[in-house]
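No value in this document is a laboratory result; all are computed from the given coordinates. Keep in mind that this is a model prediction, so the values were computed, not measured. Cβ placement follows ideal geometry from the backbone for every residue including glycine, while neighbour counts extend to all protein chains displayed.
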Amino acid sequence: MTALTRITTAAAYQTTLALGIALLPLAVLTSKLGVTLPIHRLVARTEHAYENAR
């Protein structure tokens, strides 16, 4: 992998973590209503991509 790919996947991973943290209050609210946001899947996929790029 190139350095650009590693930097891009690291940035995507960090961005999804920040998005997950920012959406936590919304996730708690929707969970009380019986709806689950699939943010955990997005974070897990980008984490996997990040780990593979290292």
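What to note about this one:
- Placing R0 at 22 angstrom, the Cβ-Cβ distance between residue 44 and residue 23 gives a FRET efficiency of 0.90 after rounding to 0.05.
- Within the chain, helix-based [θ] at 222 nm, where runs of 4 or more DSSP H residues each add -39,500 (n - 2.57), nearest 500: -26500 deg cm²/dmol
- When Rg and Dmax of the Cα atoms in Å is calculated for this entry, the matching label among [x] 13.4, 44; [y] 16.7, 48; [z] 11.8, 38 is [x].
- For the chain, the longest principal axis of the Cα atoms and the long axis of helix 39-53 meet at an angle of about 10 degrees.
- Relative contact order (%) - criterion: Cα under 8 Å, at least six apart; region: the chain: 56 percent
- Estimated vicinal HN-Hα couplings, Hz - the range 16-22 in sequence order (Karplus 6.51, -1.76, 1.60; Gly, Pro = x): 5, 5, 5, 5, x, 5, 5
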